[in-house]
Every structure is written in C-alpha cells, then in structure tokens.
Amino acid sequence: MNTVGASSQKKAAFSASFSMMNTTTNQLELETCKDSTYDRMAEVKAFDETKLGVKGLLDSGLTKIPRMFHHAKLEHHTENKPCDLKLSVPIIDLKDIATNSSLRDEALDKIRRACKEWGFFQVVNHGIGVEVLDEMICGIRRFHEQDAEVRKSFYTRDFNKKVRYFCNGTLFRDPAANWKDTLAFFLSPQPPNPEEIPAVCRDIVIEYSEKVRALSFTIFELFSEALGLHSSYLNELDSVHGQFLLCHYYPPCPEPELTLGTSNHTDINFMTILLQDQIGGLQVLHENQWVDVDPVRGSLVVNIGDILQLLTNDMFVSVYHRVLSKDIGPRISVASFFANLDPLSSTKIIGPIKELLSEDNPRIYRDTTIKDVTAHYFEKGLDGNSSLHPFRL
Ligand SMILES: O=C(O)CCC(=O)C(=O)O
C-alpha cells in the first residue's frame, strides 16, 4: 500500500499545458478573492488530453489536488456510533443453498429484506474462489501501474470501443471530477476480441467475468424466488443479459477531504456485483446516514440497480452509494453491471412486473424503455439524483 508523499513518486513527463492549468487550493483562494476567472472546461480538457488519469497526476509529484476535483459541500462524516450500535450491510451465506431447502429459504428471507431495506448486501460462499478474486484485483492493479505509454494507448472515450481506459466517464458533464481511473470492459451481448483485452490482465478478466456471470444467474434466480416469481423469471428477460465491468483504481489522495473517489449515485442496471479490496471507502446511504460497506475477505457486494427497482415497483430498492477518497491506497474495485443497455436492443417496453401489482401494491412507474431510462441517466451525469424520477407516476 502507498501513502501519499511516502513513496518516491516517479516524476512522469507530464503535459506542460496541464501543469499550467493545475489550480491548487491556494490559487483557488486567491481566485475567489479576485472574483474568479477560473476556466473549468479548459482545466478538464487539458487534464483529459494527458490520457494518464489521476495516476498520472500523482506520478507527477503533485501535493495539492487540481480544482476540477474539488467537490462542493462535502459531508464526509458518518455518524460516530459505538461499535455495537454501528449499522452494517447484511451478509448472506450462500453455502449449500442449492441442496438444502431450509438454508435456501433462510437465504431468500434475508435477500428479500436486504433488497427492500438496504438495496445492498454482501455474499459469502458464492462459489468464486478467493484466489480468483485476489488475482482479479492484482490484474487490474497491474494494468493501472504498468508503463504510462502502454496505459495511455488504451485511453479513450470512444463508445464504439469495448475496452476503454478513462478517468471519469462523465468528466465533461459532472460538476466535480472523482479521484479515480477506470478500465472498462463491455463484455456481453457482444464481447471484445480477447486480443483487445490488455495482456497484463487478459486471462484473469476472462476467467473472472465468466465466473461472475454464472453467479449473476444464481442471484437472479434467488431474486425471482424472493419476489414470489418463478425462479427463472428474471433470467428469462433478454434485458438482463448484458455485462460490463468497471475496474476502478483509486490512487491515494493528497487532500482526501476535498474530493470523492466516486460521487453519490445509483446504478443504472438490474444488479451490480462488486469486488473490492481491503482498503475500504465504499458507503451506502441507509436511513439518511452513510454506512461503511466494510471489506470482508472473499465476499462480493451485491446491489440493486434502478431498472430492477422500476420492475419490482420498489419492492427492491436501488440506493445511493459513494466512495470516499483516502490518503492511503491504491484502492481497487471491480463492478460488474448486469443489464443489456445496448440502444438497439433496449427499446422494448418495460414497466412494473404485472404479477407483483395488486390493490395494496399499485403501480408507481409508467411504462418506458431501458433506452429512455439510460439516456436520462447519462444525460444528467453523476449529479446525485435518481434516474427514476421522470418515470414515476
Ligand atoms: O468502487 C466502488 O466500490 C464502487 C464503484 C461504483 O459504485 C460504481 O462503479 O458504480
């Protein structure tokens, strides 16, 4: 693990244009006094043109974070409760649920409650070996820490590419940038050629993504049963069968109190399965307070996305979550998103599942399409608002 300033950071050759735009906190104070002429877009553009992300900034030896990463009105605090009162995301054990019906019923009960009350839970004994999880974290770290010129060659915002390295997907739209870089893989329905996957992580990305896809089938089965539907209900929906991976690298941050690793947001999909290392920082908004999702070795974090909230008519909820920046790191996480968001195949009408509606549970959402929900989500960027608002009746 590195601590900011502790390691002898290599001073990477960095774009001179960016250095000039690199507005520090002190400069910010001066500018504020002068009634600022700060040109955010120019700073963002110069930064993006370096194609080296936040890791590149850190390698350049910076000790103050550029102003484009400053978040307004940051509330980092979580309530300081004594340990025995501390809330924690439910942990659900999947051991033997395929063969033991009482264990399965117990797990279904916990899943139903977790999806309704938290929108988040952690799973253990899910069938993916800890050595696969560890190697996936290592593979992603290898990508982000390899030679800058090789890394740079993957940097793109071209939506036609199935393998993309970038810093903040909605960088040009968001009010503040997040302190992280991302390697993304758009795997299903149309996977990339294996040669497109960076060599340093190719084998493990292929292995992990297949295993996590198999796990998604199991969890969708459990979700269907927990909702009182036929066990294959969700797996029979075409729109579930898309998979993309966001492999995040959160470098240690010299001024963590000024920024975030990931802004407050909900996910636009059916479900996310997240692998995180042991650094921590992920928080979920529960009963109006931020609760840490403490890393549990060998576990995976599961959360409900906006589309499943809409389909279940709020029986399952998609909740806000975020990642705090830290002065230690890097933190590595791999989020596997399940939904087919392909604009060509996402025009089918979706709405609350009829079997779930009743007099006591009248529909909350109008019919729409995944395409429309997705378009709204990306248009608004990571602004902290739910993408479902316009679709509520
Ligand atoms: O890095 C994490 O723990 C969470 C990432 C996340 O929320 C996302 O990719 O949407």
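Rule-based calculations on the coordinates, nothing more; no lab input. Predicted model only: the values in this text are computed from it and were never measured. All Cβ positions, glycine included, derive from the backbone under ideal geometry; neighbour counts span all protein chains shown.
What to note about this one:
- Interchain or long-range residues, amide H under 5 Å from TYR365's placed H: LEU393
- Given +1 at the Cβ of Lys and Arg, -1 at the Cβ of Asp and Glu and no other charges, the dipole of the chain around its Cα centre is 760 debye to the nearest 20.
- Gain in span if fully extended, THR369 to GLU287, counting 0.36 nm per residue against the direct Cα distance: 26.5 nm
- With the helix formula -39500 (n - 2.57) applied to DSSP H stretches of n ≥ 4, the chain reaches a computed 222 nm mean residue ellipticity of -9000 deg cm²/dmol.
- Among SER101, SER232, SER333, residue whose mean-square fluctuation peaks in a GNM of the chain (springs only between Cα atoms under 10 Å): SER101
- In this structure, THR156 and THR347 have a Cβ-Cβ separation that, at R0 = 30 Å, corresponds to a calculated FRET efficiency of about 0.70.
- GNM flexibility winner over the chain from GLY305, GLY169, GLY119 (Cα, springs under 10 Å): GLY169
- Segment 123-194 - charge dipole about Cα centre, Lys and Arg +1 at Cβ, Asp and Glu -1, debye rounded to 20: 360
- Build a GNM of the chain with springs between Cα atoms under 10 Å apart, and of ASN125, ASN313, ASN193 the one that fluctuates most is ASN193.
- Length added when fully stretched, PHE172-GLU117, from 0.36 nm per residue minus Cα-Cα: 16.4 nm
- Counting Lys and Arg as +1 and Asp and Glu as -1 over every other residue whose Cβ lies under 12 Å from the Cβ of GLU49, the net charge comes to +2.
- Among VAL240, HIS376, ASN160 - extreme Cα towards positive end, dipole of the chain, charges at beta-carbon: ASN160
- For the pair ALA199 and VAL296, a Förster radius of 35 Å applied to the C-beta separation gives a FRET efficiency near 0.65, rounded to the nearest 0.05.
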